[in-house]
Amino acid sequence: VSGAVWAVVPAGGSGSRFSSSEDKLLADLNGQPVLIHTLHRLLQIGGLQSIVLVAGEHTLAHYQALVENALPDAPVRFALGGASRRASVYQGLLAVPEEAGVVLVHDAARPLLPIAAVTEAIRRVKAGQPGAIVAVPVQDTIKRAGNPGEITETVDRQGLWRAQTPQVFRQEILRQAHRSVPAETDVTDDAQLLELASLGPVALIPGAESNLKITTPADLHLAEALLRAGLGS
Ligand code: CTP
Ligand code: MG
């Protein structure tokens with residue numbers, strides 16, 4: 001696959017598990033808002049042409065001003081998101097030019113993305129794989145709960161991975177996946193759309209435990225500690 005690599009960055013959520021009043025993407029992480037960390041690190045990916053930042057109607061103008069101030073020369077465009085992560089990603093995708101052969105989707109809430117793994121995922125997609133996502137193998141023993149809080153079985157962890165972002169795709173295939181999976185189908189990541197539409201296979205690229213998603217305030221403290229210890233790369 002030739003053509004440029006574009007990034008779609010969904011940032012249109014409400015961060016309800018983080019706080020009812022503070023925007024988690026604007027929370028301070030060692031001197032910079034989480035969102036700026038994420039964009040700054042994405043911009044270090046070799047061959048990345050442009051970023052489409054997808055925001056909600058109440059945050060779009062503010063994010064735009066923030067990015068213009070913190071990263072004045074960065075190739076960042078803006079799009080208005082939707083009610084679900086999936087809808088926001090689709091809106092972002094519509095702002096990517098069709099000649100971009102490769103698109104990567106990355107959660108704004110993951111500031112510590114691993115550059116080397118992303119670079120490998122892009123290489124795999126350019127070499128012909130429909131999609132490649134950054135993920136980590138499950139290391140804990142996995143239990144299924146029947147009644148809340150009571151084990152019914154131990155799930156074999158062999159072959160289980162935790163999906164993270166970035167998730168990289170041939171743009172044409174990701175667009176087709178969005179169009180073919182009914183809008184009401186609930187998905188929790190982008191690769192799942194290719195799985196449901198039989199448009200894969202999607203490769204798993206080993207990422208890093210440090211690539212955490214800021215979901216609760218405790219995650220922000222963990223990210224701070226990882227950055228300070230130099231482990232967030
Ligand atoms: N997201 C989005 N549009 C939505 C919902 C989520 O662009 N309608 C984005 C979030 O901004 C985030 C990413 O998708 O960068 C992953 O979502 P998550 O971590 O769940 O964030 P929120 O949905 O904002 O948080 P919560 O689920 O706690 O409300
Ligand atoms: Mg959410």
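Which count do you get for residues in the range 92-107 that are outside any strand (DSSP E or B) and either under 20 Å from Ala191 (Cβ atoms) or modelled with pLDDT of 95 or more (or both)? Talk me through it step by step, then tell me what you get.
Just the residues of the range 92-107 that are outside any strand (DSSP E or B), to begin with: 92-101, 106-107.
Going one step further and asking which of them are either under 20 Å from Ala191 (Cβ atoms) or modelled with pLDDT of 95 or more (or both), we end up with 92-97, 100-101, 106-107.
Residues meeting the conditions: 10.
If you go through the range 176-220 and keep only what is in a loop (DSSP other than H, G, I, E, B) and of a type in the set (A, V, I, L, M, F, W, C), you end up with Val181, Ala183, Val187, Ala197, Leu199, Ala208, Leu212, Ile214. Under the condition of being more than 6 Å from ligand 1 (Cβ to nearest atom) and either on the phi < 0 side of the Ramachandran plot or modelled with pLDDT of 95 or more (or both), the residues counted in the range 2-17 number 7. Listed conditions (1) in contact (Cβ under 8 Å) with a residue 40 or more places away in the chain; (2) closer than 25 Å to Leu196 by Cβ; (3) open to solvent by 60 Å² or more (accessible area, probe 1.4 Å) are all met by Thr119, apart from (2).
Condition first: within 16 Å of ligand 2 (Cβ to nearest atom), closer than 22 Å to Ala223 by Cα, open to solvent by less than 50 Å² (accessible area, probe 1.4 Å) and small (Gly, Ala, Ser). Can you find one or more residues in the range 91-110 that meet it? Yes, the range 91-110 has at least one match. Within the range 20-44, being within 13 Å of ligand 1 (Cβ to nearest atom) and either at positive phi or hydrophobic (A, V, I, L, M, F, W, C) (or both) holds for Leu25, Leu26, Ala27, Val34, Leu35, Leu39, Leu42.
Inspect all residues belonging to the range 108-118 and state whether any of them is on the phi > 0 side of the Ramachandran plot and in a loop (DSSP other than H, G, I, E, B). Let's see the steps before the verdict.
Of all residues in the range 108-118, those on the phi > 0 side of the Ramachandran plot come to none.
No: zero hits.
When Val181 is evaluated against the numbered criteria (1) within 16 Å of the chain's Cα centre (by Cα); (2) open to solvent by less than 60 Å² (accessible area, probe 1.4 Å); (3) of a type outside the set (Asp, Glu), which criterion, by number, is the only one it fails? Checking Val181 against (1) within 16 Å of the chain's Cα centre (by Cα); (2) open to solvent by less than 60 Å² (accessible area, probe 1.4 Å); (3) of a type outside the set (Asp, Glu), the one that fails is (1).
Flag not set for Arg77, criterion: among the basic types (Lys, Arg), within 9 Å of ligand 1 (Cβ to nearest atom) and surrounded by fewer than 23 Cβ atoms within 10 Å (Cβ to Cβ).
Here Ser19 qualifies as touching a helix residue (DSSP H, G or I) at 6+ places or on another chain (Cβ under 8 Å), within 16 Å of ligand 2 (Cβ to nearest atom) and among the hydroxyl-bearing types (Ser, Thr, Tyr). Would you mind stating whether Gln176 is open to solvent by less than 50 Å² (accessible area, probe 1.4 Å) and of a type outside the set (Ser, Thr, Tyr)? Answer is no for this residue. With respect to (1) outside any loop (DSSP other than H, G, I, E, B); (2) out of contact with any Leu (no Cβ under 6 Å at 6 or more places or on another chain); (3) away from ligand 2 (no atom under 16 Å from the Cβ), the lone exception for Gly46 is condition (1).
A quick yes/no check of all residues on (1) of a type in the set (A, V, I, L, M, F, W, C); (2) within 16 Å of ligand 2 (Cβ to nearest atom); (3) in a strand (DSSP E or B); (4) surrounded by 14 or more Cβ atoms within 10 Å (Cβ to Cβ):
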{"position": "Pro10", "(1), (2), (3), (4)": "no, yes, yes, yes"}
{"position": "Gly15", "(1), (2), (3), (4)": "no, yes, no, yes"}
{"position": "His40", "(1), (2), (3), (4)": "no, no, no, yes"}
{"position": "Ile51", "(1), (2), (3), (4)": "yes, no, yes, yes"}
{"position": "Ala65", "(1), (2), (3), (4)": "yes, no, no, no"}
{"position": "Pro72", "(1), (2), (3), (4)": "no, no, no, no"}
{"position": "Ala83", "(1), (2), (3), (4)": "yes, yes, no, no"}
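The values are calculated or read from the model by the stated rules, or taken from the named source; none is laboratory data. Quick caveat, the model's predicted, so the values are computed rather than measured. With ideal geometry, Cβ positions are generated from the backbone for all residues, glycine too; neighbour counts draw on all protein chains shown. Accessible surface is based on the protein model in full, side chains and every heavy atom, while ligands, DNA and RNA are left aside. Shrake-Rupley method; radii C 1.70, N 1.55, O 1.52, S 1.80 Å.
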